[in-house]
Amino acid sequence: MDAISGSVVLPRVKLSGSHRHLSSSHHFSPSCLQARSSISRCCHSSKSKEDVENLSTKAIIVSSSDSFDKRTSISGRSYLCGPHQKKKTLGQTFCSTGLCTYGVAATGSDPQVAEEKVGVLLLNLGGPETLNDVQPFLYNLFADPDIIRLPRPFQFLQRPLAQLISVLRAPKSKEGYASIGGGSPLRRITDEQANALKMALEAKDTHLNVYVGMRYWHPFTEDAVQKIKRDKITRLVVLPLYPQYSISTTGSSISVLQRLFREDAYLSTMPVSIIESLYKREGYIKSMADLIENELPIFLNPEEVMIFFSAHGVPVSYVEDAGDPYRDQMEECICLIMQELKARGIKNNHTLAYQSRVGPVQWLKPYTDEVLVELGQKGVKSLLAVPISFVSEHIETLEEIDMEYKELALESGIENWGRVPALGCTPSFITDLADAVLEALPSATAISTFQGASKEVDCDPLGYLAKMFFGSILAAVLFFSPKMILAFRNHLL
Ligand SMILES: C=CC1=C(C)c2cc3[nH]c(cc4nc(cc5[nH]c(cc1n2)c(C)c5CCC(=O)O)C(CCC(=O)O)=C4C)c(C)c3C=C
Ligand SMILES: [Fe+2]
């Protein structure tokens with residue numbers, strides 16, 4: 001999709017201070033600090049002693065454009081943002097201690113009014129559009145060091161291993177994509193969301209270009225960034241379409257962006273604001289609660305329905321070794337949705353499980369398939385599945401939940417099955433995205449200073465070929481060892 005274009009006149013803001021790596025709006029807000037133990041209290045969920053011990057020692061930074069109090073805390077300041085950006089002075093901000101200034105006034109520079117061309121970059125995973133795309137898509141995914149995290153000495157194996165795993169997994173993945181019509185709907189839905197966001201921003205008197213950049217398939221983030229440069233965008237809001245932050249999703253997409261921006265003289269000075277997560281936003285929570293509330297009446301006895309949140313899993317090591325906030329954010333997100341439902345008089349039981357594990361490592365538990373069987377055995381008769389880690393329909397909602405898990409649930413004794421649709425272009429959600437963009441705009445700051453060519457580029461073709469050759473042999477030897485074969489037969493293939 002080409003950029004959906006427009007421009008807005010804003011006072012040029014001279015940014016003060018040193019260049020931070022990312023304008024990661026939320027990391028510096030003390031109100032966003034949350035320990036996992038407090039999440040457990042909030043939800044009254046039963047945690048094992050071991051869990052609580054692990055968690056209470058770990059304060060996780062929950063980053064979100066949290067706007068339950070209508071103010072977004074950005075880099076330690078709060079900004080009161082409204083819908084009519086043109087009528088506002090961008091440099092004026094509101095914080096808990098009163099009216100704060102930022103940018104022009106804060107730096108003491110002369111205000112220089114120039115035409116600001118603002119862009120919004122939606123980041124998403126991407127998916128194969130045809131069955132022929134499946135293997136190369138899987139290669140891109142497994143070649144990502146944020147998806148298969150190899151220890152440093154083994155990182156040269158990344159690409160050969162990605163080649164091998166993608167070839168081996170492709171037949172199973174293809175079956176899945178064939179069963180949902182031959183390809184992923186992600187590109188179409190993300191384009192629709194981009195159009196809807198542009199219109200929602202226009203309804204708020206703000207005319208911006210909206211771009212789509214995918215991590216593993218077309219349109220790639222690299223292509224979107226080229227368009228942003230070609231369009232001479234001067235300020236950018238980056239909006240990953242993952243409600244909760246994970247190293248493997250938002251983290252990975254932002255790493256790519258950082259590299260691209262650092263490598264380029266023009267982009268490296270562009271003010272950028274990144275919205276790291278959406279899960280705490282009032283608009284997001286209310287939109288999710290609406291979807292659940294709308295779906296419950298399809299059951300004969302709505303109050304008896306188990307609300308079953310099914311999140312995409314990540315390997316446990318991400319959370320426990322690498323500090324991924326994904327599990328904490330997921331639990332807090334569900335807690336907020338349940339609180340919202342409770343406030344509406346909906347008091348159903350709920351549970352959370354993780355789906356879509358890949359490969360021979362431990363993933364976040366409990367696993368969706370195991371919980372469904374347990375619930376059936378315990379006599380749960382009605383279940384409403386809620387996909388929670390993604391905002392569009394995709395293979396894991398359309399195939400894994402709607403087909404595999406539904407069948408398993410019915411076999412396990414659950415009699416009534418329902419599924420909440422993904423948010424897609426739900427108007428209240430899109431309006432909230434527009435608000436998030438407007439709130440994030442003032443905090444834009446340069447990603448980094450120009451540092452020349454990326455170190456990651458493999459510029460020696462012979463060295464690259466040698467690494468691929470020996471790496472493939474080593475990867476094949478490892479892969480076909482009896483232990484690996486056993487583990488992969490169960491989980492990967
Ligand atoms: C928040 C969402 C997601 C997380 C976290 C995530 C982590 C993660 N995923 C894999 C492996 C695969 N993911 C695949 C597809 C896929 N993943 C997500 C979302 C998250 N992944 C989506 C939305 C999709 C579907 C895209 C589409 O085409 O519709 C696939 C390919 C499909 C398949 O073969 O099952 C793989 C493989 C890992 C290893 C991982 C964390 C480390
Ligand atoms: Fe995935």
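The values are calculated or read from the model by the stated rules, or taken from the named source; none is laboratory data. Only a predicted model underlies this, so the values are computations on that prediction, with no experimental measurement involved. Cβ atoms come from the backbone with ideal geometry, glycine included; neighbour counts cover every protein chain shown. Side chains are part of the model used for accessible areas, which takes the heavy atoms of the whole protein and leaves out ligands, DNA and RNA. Shrake-Rupley method; radii C 1.70, N 1.55, O 1.52, S 1.80 Å.
Set side by side, the residues Gly376, Gly452, Gly463 differ, and just one is modelled with pLDDT under 55 and of a type in the set (Gly, Ala, Ser), which is Gly452. The sole residue among Met306, Met270 that is under 30 Å from Ile233 (Cβ atoms) and over 19 Å from the mean Cα position of the chain (by Cα) is Met270. Of all residues in segment 403-442, those satisfying the criterion of being open to solvent by 50 Å² or more (accessible area, probe 1.4 Å) and among the charged types (D, E, K, R) are Glu404, Lys406, Glu407, Glu411, Glu415. Would you confirm whether any residue within segment 120-134 is away from ligand 2 (no atom under 16 Å from the Cβ), in a loop (DSSP other than H, G, I, E, B) and surrounded by 15 or more Cβ atoms within 10 Å (Cβ to Cβ)? Yes. In summary, Pro421 fulfils each of the numbered conditions (1) away from ligand 1 (no atom under 15 Å from the Cβ); (2) more than 30 Å from Ser317 (Cβ to Cβ) with the single exception of condition (1).
Among the conditions (1) part of a helix (DSSP H, G or I); (2) in contact with a helix residue (DSSP H, G or I) (Cβ under 6 Å, 6 or more places away or on another chain); (3) open to solvent by 30 Å² or more (accessible area, probe 1.4 Å); (4) within 16 Å of ligand 2 (Cβ to nearest atom), the only one that Ile147 does not satisfy is (1). Of all residues in segment 273-294, none satisfies being assigned by TED's automatic domain parsing to the domain that holds Phe220, closer than 14 Å to Ile447 by Cα and over 19 Å from the mean Cα position of the chain (by Cα). The residues of segment 185-220 that are outside any loop (DSSP other than H, G, I, E, B) and among the hydroxyl-bearing types (Ser, Thr, Tyr), listed by number, are Thr190, Tyr211. For the subset of segment 313-365 comprising residues that are more than 9 Å from ligand 1 (Cβ to nearest atom) and among the polar types (S, T, N, Q), which member is farthest from Arg149 (Cα to Cα)? My answer is Asn348. Do we find that Gly283 is away from ligand 2 (no atom under 16 Å from the Cβ) and modelled with pLDDT of 95 or more in this structure? Yes, satisfied. Go through segment 302-321 and give me each residue that's in contact with a helix residue (DSSP H, G or I) (Cβ under 7 Å, 6 or more places away or on another chain) and either in a loop (DSSP other than H, G, I, E, B) or farther than 17 Å from His350 by Cβ (or both). Those that are in contact with a helix residue (DSSP H, G or I) (Cβ under 7 Å, 6 or more places away or on another chain) and either in a loop (DSSP other than H, G, I, E, B) or farther than 17 Å from His350 by Cβ (or both): Val305, His312, Val314, Tyr318, Val319.
Which of the residues that make up segment 130-166 are among the charged types (D, E, K, R) and near ligand 1 (Cβ under 9 Å from one of its atoms)? Talk me through it step by step, then tell me what you get.
Filtering segment 130-166 down to residues among the charged types (D, E, K, R) leaves 133, 144, 146, 149, 152, 159.
Scanning segment 130-166 gives Asp144, Asp146, Arg149.
When you check Glu222 against the structure, is it touching a residue at least 60 places away in the same chain (Cβ under 8 Å) and open to solvent by 20 Å² or more (accessible area, probe 1.4 Å), yes or no? Taking the combined requirement at face value, the residue does not satisfy it. Scan segment 359-367 and give yes if some residue there is among the hydrophobic types (A, V, I, L, M, F, W, C), away from ligand 2 (no atom under 16 Å from the Cβ) and modelled with pLDDT of 95 or more, otherwise no. No, the conditions are met nowhere in segment 359-367. Output yes when any residue across segment 192-199 is within 16 Å of ligand 2 (Cβ to nearest atom) and of a type in the set (S, T, N, Q), and no when none is. Within segment 192-199, none of the residues are within 16 Å of ligand 2 (Cβ to nearest atom) and of a type in the set (S, T, N, Q). Those helices (runs of 4 or more DSSP H) of segment 236-301 in which at least 2 residues are under 27 Å from Val316 (Cβ atoms), considering only elements entirely within it, cover 252-262, 282-295.
Exactly one residue out of Ile414, Ile395 is more than 20 Å from Tyr326 (Cα to Cα) and away from ligand 1 (no atom under 11 Å from the Cβ): that is Ile414. So, of the residues in segment 225-235 that are open to solvent by less than 30 Å² (accessible area, probe 1.4 Å) and part of a helix (DSSP H, G or I), which turns out to be nearest to ligand 2 (Cβ to nearest atom)? Only one residue tops the list, namely Val225. Would segment 328-339 turn up any residue that is in contact with a helix residue (DSSP H, G or I) (Cβ under 9 Å, 6 or more places away or on another chain), modelled with pLDDT of 95 or more and surrounded by fewer than 18 Cβ atoms within 10 Å (Cβ to Cβ)? Yes, the conditions are met somewhere in segment 328-339. Only one entry in Pro243, Pro325, Pro297 is closer than 30 Å to Val380 by Cα, open to solvent by less than 20 Å² (accessible area, probe 1.4 Å) and either of a type outside the set (Val, Ile, Thr) or touching a residue at least 60 places away in the same chain (Cβ under 8 Å) (or both), namely Pro243.
Only one of the numbered conditions (1) more than 18 Å from Asp432 (Cα to Cα); (2) open to solvent by less than 30 Å² (accessible area, probe 1.4 Å) is not met by Ile285, and that is (1).
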